[in-house]
Amino acid sequence: MLVSATKGEILLGRIDEVLVALRRVIRATDLHSRHLAKTTGLTAPQILLLQTIRDRGQVTIGELATDISLSQATVTTILDRLEKRCLVYRKRSSTDKRKVHAHLTPDAQEVLKSAPIPLQEQFTRQFGELQEWEQTMIISSLQRIAKMMDAEHIDASPVLDLGLLDRFGTGTDG
């Protein structure tokens, strides 16, 4: 005799599917972050910051913060760590002494040449290839999930990384 699933069982199965998908996203982000740390010794936000400096050329801390959607305080902390590793240096503007520009060192240029593609870039490319309705559906679903988890008011930047944004900056894991 064939027994059909109850509505409760169907709901539990769907909940499990959602939680497994969320766990896979978290796990993929974690694995990629570990891979970046192992191959470059840097976090995704650190690489993103270095790439932005490379792409923009002479850039202020405020401009960097705006470009990568992080606070100026966070960008300053990440730059401090990168400066200690001799990957960036800061220099006051010759025309406006209030402005400080970040610059890459040759070591940073070398790190960027061999750095793996950040997960964020892969996601951005694939998301951009979706139809507009698919993009809207994903955004709506994820926003609803954030709300269901009481997480819609948690401050978050659009950087795919876990934990502290500069946790590997000193060569330690904490």
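General remarks:
- Helical contribution to [θ] at 222 nm, DSSP H n ≥ 4, -39,500 (n - 2.57), averaged over the chain, rounded to 500: -19500 deg cm²/dmol
- Segment 94-139: trypsin sites (Lys or Arg not before Pro) in DSSP loop, at most 13 other beta carbons within 10 Å: LYS97, ARG98
- With contacts taken as Cα pairs under 8 Å at a separation of at least 6 residues, the chain carries a relative contact order of 31 percent.
- Note, ³J(HN,Hα) from phi for segment 6-12, Karplus 6.51, -1.76, 1.60, rounded to Hz, x at Gly and Pro: 7, 4, x, 5, 5, 4, 4
- Ordering of 35-46, 127-138, 54-65, 19-30 by packing is 35-46, 54-65, 19-30, 127-138, highest average first (other Cβ atoms within 10 Å, averaged per residue).
- Diffusion of the chain by Stokes-Einstein, at 20 °C in a medium of 1.002 mPa s and with Rh set to the Kirkwood radius over alpha-carbon pairs, works out to 115 µm²/s.
- Spin-label pair GLN135/ASP96, simplified geometry with 7 Å Cα→Cβ offset, distance in nm: 3.2 nm
- Potential lengthening between THR52 and CYS86 on full extension [0.36 nm per residue; Cα-Cα distance subtracted]: 10.5 nm
Any read-out appearing in this document is the output of simple, stated calculations on the displayed coordinates, not a laboratory observation. Bear in mind that the values here come from a model prediction, so they are computed numbers and not experimental data. Note that we place each Cβ from the backbone using ideal geometry, even for glycine, and neighbour counts take in every protein chain shown.
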